[in-house]
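Colleague: So that we are looking at the same thing, I have put the structure below in C-alpha cells.
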Amino acid sequence: MLRYLYADQLSRFAKLSDGMFRDRADQFGTRLGWNVRVDAEGFERDEYDALNPLYVIWEGADGRHKGSMRFLPTTGRTMINEHFTGILGGGTIVSPHIWECTRFCLARGAESRVAAALMLGGGELMRHFGVQHFAGVFDARMVRIYRMIGSSPEVLGSTGAGRDRISVGLWEFTDAARAQVARRAGVTPQLSEQWFRRSFGDERQPFAQSA
C-alpha cells in the first residue's frame with residue numbers, strides 16, 4: 001500500500017522510516033557506490049531530508065519499506081537548483097506547479113510493480129495538489145525502468161556518456177499514463193485514490209508545514 005508522509009510524521013512510523021533510510025544507504029551507497037553520507041545507525045540522509053519533504057512510500061504487507069520517493073517544491077531549496085544547474089546550462093527550475101522528485105529507492109527484492117506503484121503515488125500528488133510536472137535527476141540505469149513503468153520523462157539536459165550519463169527530466173501525468181501505470185502496479189485507480197485520501201482527507205495544503 002502507498003503512504004504519504006511528511007518528514008515530521010515519520011516518527012509515528014519508525015519501522016517504515018528506519019527501513020527507508022537503511023534501504024537508501026544500501027541502494028545509493030552500497031549498490032551504486034554514490035558518495036552519500038551514512039550515519040552510525042546505517043541511515044542515508046542528507047540536507048534535503050531536513051526540509052520537511054513529502055515522502056511517497058510503498059509499505060509491504062509486513063509493514064516494511066519496499067520503495068519510496070521524496071518530493072519538495074521547486075519554489076524552495078532543491079537538489080537540481082543547488083547541484084545540477086550545469087546540466088541545464090546554468091538555468092534553474094522554479095515554479096509553484098513543479099515539484100522536485102529525488103531519492104527514488106527500491107528495497108532489495110522488491111517486486112517489479114513497486115516502482116510503478118511509486119510513480120502512481122506521484123501522479124496522485126499531481127492530480128490533487130495542482131502540480132503539472134515533476135523534475136528530477138536520473139542516471140542511465142533508470143531509463144529502462146521508466147520505460148517499463150510507462151512514465152518516461154522529457155529530457156531537459158544530460159552530461160556524461162554510457163552508464164555514467166546523468167540527465168535532468170520533466171514528468172507529466174496524463175489520464176492515459178495514470179491508467180497504464182496503475183495496470184503495471186496492479187493497483188486500481190480507485191484504490192490509489194483511497195490511499196491518498198486516507199493520508200490527506202479533504203485538506204489540500206501541501207508543504208504548509210515548511211512554507
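Colleague: Just checking, which of ARG127, ARG108, ARG77 is touching a helix residue (DSSP H, G or I) at 6+ places or on another chain (Cβ under 7 Å) and within 25 Å of GLY150 (Cα to Cα)? Before you say what the answer is, go through the steps one by one.
Modeller: Details: ARG127 fails: touching a helix residue (DSSP H, G or I) at 6+ places or on another chain (Cβ under 7 Å); ARG77 fails: within 25 Å of GLY150 (Cα to Cα).
None of the other options fit; the residue is ARG108.
Colleague: Right, here's the next one. Hey, among GLY91, GLY76, which residue is part of a loop (DSSP other than H, G, I, E, B), touching a residue at least 60 places away in the same chain (Cβ under 8 Å) and open to solvent by less than 50 Å² (accessible area, probe 1.4 Å)? Write out each step before concluding.
Modeller: Details: GLY91 fails: touching a residue at least 60 places away in the same chain (Cβ under 8 Å).
Just a single option satisfies the conditions, and that option is GLY76.
Colleague: If a residue has to be touching an Asp or Glu at 6+ places or on another chain (Cβ under 7 Å) and either assigned to a helix (DSSP H, G or I) or open to solvent by less than 40 Å² (accessible area, probe 1.4 Å) (or both) to count, how many in the range 94-123 make the cut?
Modeller: So the first thing to find is which residues in the range 94-123 are touching an Asp or Glu at 6+ places or on another chain (Cβ under 7 Å), and the list is 105, 107-108.
This time we only want the ones that are either assigned to a helix (DSSP H, G or I) or open to solvent by less than 40 Å² (accessible area, probe 1.4 Å) (or both), so: 105, 107.
Matching residues across the range 94-123 total 2.
Colleague: Out of THR174, THR159, which single residue is modelled with pLDDT under 95, surrounded by 12 or more Cβ atoms within 10 Å (Cβ to Cβ), of a type in the set (Val, Ile, Thr) and over 16 Å from the mean Cα position of the chain (by Cα)?
Modeller: Details: THR174 fails: surrounded by 12 or more Cβ atoms within 10 Å (Cβ to Cβ).
One residue alone meets the criteria, THR159.
Colleague: Being among the charged types (D, E, K, R) and in a helix (DSSP H, G or I) is the filter; apply it to the range 124-154 and report the residue that is farthest from ARG178 (Cα to Cα).
Modeller: Of the range 124-154, the ones among the charged types (D, E, K, R) are 124, 127, 139, 141, 144, 147, 154.
Subsequent filtering for residues that are in a helix (DSSP H, G or I) retains 124, 127, 141, 144, 147.
Numbers: GLU124: 9, ARG127: 10, ARG141: 23, ARG144: 18, ARG147: 14 Å.
Selected residue: ARG141.
Colleague: Sort out which residues of the range 188-200 are open to solvent by 10 Å² or more (accessible area, probe 1.4 Å) and either closer than 16 Å to VAL114 by Cα or touching a residue at least 24 places away in the same chain (Cβ under 8 Å) (or both), and write them in order of number. Steps first, answer last, please.
Modeller: So the first thing to find is which residues in the range 188-200 are open to solvent by 10 Å² or more (accessible area, probe 1.4 Å), and the list is 188-191, 193-195, 197-200.
The answer is THR188, PRO189, LEU191, GLU193, TRP195, SER199, PHE200.
The values are calculated or read from the model by the stated rules, or taken from the named source; none is laboratory data. These figures come from a predicted structure and were not determined experimentally. Note: ideal-geometry Cβ built from the backbone for every residue, glycine included; neighbour counts use all protein chains shown. All accessible areas refer to the heavy atoms of the entire protein, side chains included, with ligands and DNA or RNA removed. Shrake-Rupley method; radii C 1.70, N 1.55, O 1.52, S 1.80 Å.
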